[in-house]
Amino acid sequence: MVTIILVSHSKKITDGLKEMIEEMTGRFEHITIVSAGGTDDGRIGTDPLFIKNAIEENADSDNIYLFADIGSAIMSIETAIELLDDEALQEKCTYLDAPLVEGAFVAAVKCMSDASKDAVVAEISKFKSE
């Protein structure tokens, strides 16, 4: 099982992206898409504790892939991972540096056939060579 966590300053963006990915790829029982946009109280921004909670709620996943929209969202992801008490859970988490929409979609499609960390990271790394 894998989890893809979408982090943006706007909940509307991550909710819409989650809906698009699920609609275009179907809903697979081994893939969970999580919308972690905005702050816990519904404002624009990011909240490391909100992201940390999303990670912990999916601790049973084999791999947790995180995508972000812009700079401070990346810092919030990094902080959320650092705040985890469980080192094994930290190891499951991978921030993937790719455009939020395209990267998360490609990761979900790749996870349909091969959800291993090596396969997903290799697929996402293609964004760097373009």
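Tell me the residue from Ala107, Ala88, Ala59 that is modelled with pLDDT of 95 or more and buried (at least 17 other Cβ atoms within 10 Å of the Cβ), please.
Details: Ala88 fails: buried (at least 17 other Cβ atoms within 10 Å of the Cβ); Ala59 fails: buried (at least 17 other Cβ atoms within 10 Å of the Cβ).
Ala107 is the lone residue from the list that is modelled with pLDDT of 95 or more and buried (at least 17 other Cβ atoms within 10 Å of the Cβ).
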Log entry, pairs with first residue in the range 38-65 being at negative phi, second being of a type in the set (Lys, Arg), beta carbons closer than 6 Å, six or more apart or on different chains, reads Asn63/Lys92; Asn63/Lys117; Ile64/Lys92
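Determine whether the range 37-46 contains at least one residue that is of a type in the set (Ser, Thr, Tyr), buried (at least 18 other Cβ atoms within 10 Å of the Cβ) and under 22 Å from Ile124 (Cα atoms).
Restricting attention to the range 37-46, the residues satisfying the condition of being of a type in the set (Ser, Thr, Tyr) are 39, 46.
Restricting the remaining residues to those that are buried (at least 18 other Cβ atoms within 10 Å of the Cβ) gives 46.
Subset that is under 22 Å from Ile124 (Cα atoms): none.
There is no residue in the range 37-46 that is of a type in the set (Ser, Thr, Tyr), buried (at least 18 other Cβ atoms within 10 Å of the Cβ) and under 22 Å from Ile124 (Cα atoms).
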Scanning the range 75-115 residue by residue, the ones that are touching a strand residue (DSSP E or B) at 6+ places or on another chain (Cβ under 8 Å) and touching a residue at least 40 places away in the same chain (Cβ under 8 Å) total 9
For the range 100-115 the number of residues that are closer than 14 Å to Ile4 by Cβ and part of a loop (DSSP other than H, G, I, E, B) is 1
Checked pairs for the range 1-30, first closer than 17 Å to Ser113 by Cβ and of a type in the set (Phe, Trp, Tyr), second at pLDDT 90 or above and surrounded by fewer than 15 Cβ atoms within 10 Å (Cβ to Cβ), C-beta under 8 Å and 6 or more apart or across chains, list as Phe28/Met112
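Regarding Ile21, is this residue closer than 15 Å to Val106 by Cα, in a helix (DSSP H, G or I) and of a type in the set (A, V, I, L, M, F, W, C)?
On the way: closer than 15 Å to Val106 by Cα: yes; in a helix (DSSP H, G or I): yes; of a type in the set (A, V, I, L, M, F, W, C): yes.
Yes.
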Per the filter on the range 55-96, residues part of a loop (DSSP other than H, G, I, E, B), over 20 Å from Gly16 (Cα atoms) and not hydroxyl-bearing (Ser, Thr, Tyr) are Glu57, Asn58, Ala59, Asp60, Asp62, Leu84, Asp85, Asp86
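The values are calculated or read from the model by the stated rules, or taken from the named source; none is laboratory data. Predicted, not measured: the structure shown is a model, and the values here were computed from it. Here Cβ is always computed from backbone atoms with ideal geometry, including for glycine, and neighbour counts include all displayed protein chains.
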